[in-house]
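**Q** One structure, pasted below without further comment.
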Amino acid sequence: MKKGLVKLIKTPSFTTDGTLTQLQSPDIPFEIRRVYFIQGVSVGAVRGAHTHKETIQVLFCIQGDIKIALDDGNRKEIVLLDKPNIGILLEPGVWHEMQDFKKDTILLILASKKHEPEDYVRSYEDFLNSYAKS
Ligand code: T46
């Protein structure tokens, strides 16, 4: 079986009345320097369409669901995130798009670096020529 383009990260969750999900080291395999979340996106919208030069991220869909389209320059894959305690480890050099937002989708992202516009590669051609992981 081929290895996926991202590693799945499963974190502990505890259901009593409602569910508590824990995100901590070493399940998150880097020091967290930034947390951000994306919500209220138009239904069916697409976001992302870039790769990072250095930033490592873990993406969790903590409400609703979302498709993450991945491309390492050689292979393409779509991962459905639909469980709040199962995320993906997104390494530099993987082109990614978030697709098919639902009305209630909330995406939570943990990042290894502070926000730096210079860390983004937004040209697909530059990605293929210089930054693709494969
Ligand atoms: C990624 C995917 C999964 C900030 O000022 N600080 C931040 O930490 C972030 C993430 C963004 N911004 C600003 C930059 C733009 O003016 O927020 C605006 C929207 O950012 P962007 O268009 O890059 O958002 P997405 O949804 O396309 O991508 C985001 C992350 O930027 C990106 O790193 O991997 O989510």
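**Q** Taking the stated definitions as given, is HIS96 in contact (Cβ under 8 Å) with a residue 12 or more places away in the chain, in contact with a His (Cβ under 8 Å, 6 or more places away or on another chain) and within 11 Å of the ligand (Cβ to nearest atom)? Break it down into steps so the answer makes sense when it comes.
**A** On the way: in contact (Cβ under 8 Å) with a residue 12 or more places away in the chain: yes; in contact with a His (Cβ under 8 Å, 6 or more places away or on another chain): yes; within 11 Å of the ligand (Cβ to nearest atom): yes.
Judged against the criteria, HIS96 is a match.
**Q** Suppose we filter LYS102, LYS114, LYS83 for residues that are surrounded by fewer than 12 Cβ atoms within 10 Å (Cβ to Cβ) and either part of a strand (DSSP E or B) or among the basic types (Lys, Arg) (or both); which single one remains? Before the answer, list the steps.
**A** Numbers: LYS102 fails: surrounded by fewer than 12 Cβ atoms within 10 Å (Cβ to Cβ); LYS83 fails: surrounded by fewer than 12 Cβ atoms within 10 Å (Cβ to Cβ).
Of LYS102, LYS114, LYS83, the one residue that is surrounded by fewer than 12 Cβ atoms within 10 Å (Cβ to Cβ) and either part of a strand (DSSP E or B) or among the basic types (Lys, Arg) (or both) is LYS114.
**Q** So which residues in region 119-134 are within 12 Å of the ligand (Cβ to nearest atom), surrounded by fewer than 17 Cβ atoms within 10 Å (Cβ to Cβ) and not hydroxyl-bearing (Ser, Thr, Tyr)?
**A** Looking only at region 119-134, we keep the residues that are within 12 Å of the ligand (Cβ to nearest atom), and these are 119-122.
Keeping just the survivors that are surrounded by fewer than 17 Cβ atoms within 10 Å (Cβ to Cβ) gives 119-120, 122.
Within region 119-134, ASP119, ARG122 qualify.
**Q** Of everything in region 1-17 that's within 15 Å of the ligand (Cβ to nearest atom) and part of a loop (DSSP other than H, G, I, E, B), which residue is farthest from the chain's Cα centre (by Cα)?
**A** Just the residues of region 1-17 that are within 15 Å of the ligand (Cβ to nearest atom), to begin with: 5-6, 9.
From the residues that got through so far, the ones that are part of a loop (DSSP other than H, G, I, E, B) too are 5-6.
Details: LEU5: 11, VAL6: 9 Å.
The residue in question is LEU5.
**Q** Still on this structure, I have one more. For region 67-80, which positions are more than 10 Å from the ligand (Cβ to nearest atom), more than 12 Å from ALA132 (Cβ to Cβ) and crowded, with 16+ Cβ neighbours inside 10 Å?
**A** Here is the first cut: in region 67-80, the residues more than 10 Å from the ligand (Cβ to nearest atom) are 67, 69-80.
Add one more test, that the residue is more than 12 Å from ALA132 (Cβ to Cβ), and what stays is 67, 69, 77-80.
Of everything in region 67-80, those that are more than 10 Å from the ligand (Cβ to nearest atom), more than 12 Å from ALA132 (Cβ to Cβ) and crowded, with 16+ Cβ neighbours inside 10 Å turn out to be LYS67, ALA69, VAL79.
**Q** In region 1-43, which residues are charged (D, E, K, R) and either surrounded by 11 or more Cβ atoms within 10 Å (Cβ to Cβ) or touching a strand residue (DSSP E or B) at 6+ places or on another chain (Cβ under 8 Å) (or both)? Steps first, please.
**A** Taking region 1-43 first, the residues charged (D, E, K, R) are 2-3, 7, 10, 17, 27, 31, 33-34.
If the condition is that a residue be charged (D, E, K, R) and either surrounded by 11 or more Cβ atoms within 10 Å (Cβ to Cβ) or touching a strand residue (DSSP E or B) at 6+ places or on another chain (Cβ under 8 Å) (or both), then LYS7, LYS10, ASP27, ARG33, ARG34 are the ones that fit.
**Q** Please specify each residue of region 18-42 satisfying the condition of being of a type outside the set (Ser, Thr, Tyr) and in a strand (DSSP E or B). Write out each step before concluding.
**A** Initial filter on region 18-42 (of a type outside the set (Ser, Thr, Tyr)): 18, 20, 22-24, 26-35, 37-41.
Hits for region 18-42 are GLY18, LEU20, ARG34, VAL35, PHE37, ILE38, GLN39.
**Q** Could you tell me whether any residue of region 47-63 is near the ligand (Cβ under 10 Å from one of its atoms) and either among the basic types (Lys, Arg) or modelled with pLDDT under 95 (or both)?
**A** Yes, that holds for at least one residue.
**Q** Residues that are aliphatic (A, V, I, L, M), closer than 17 Å to ILE9 by Cα and in a loop (DSSP other than H, G, I, E, B): does region 58-76 have at least one?
**A** No.
The values are calculated or read from the model by the stated rules, or taken from the named source; none is laboratory data. Keep in mind the model is a prediction, meaning the values are calculated, not measured. Ideal geometry is used to build each Cβ from the backbone, glycine not excepted, and the neighbour counts take in all protein chains shown.
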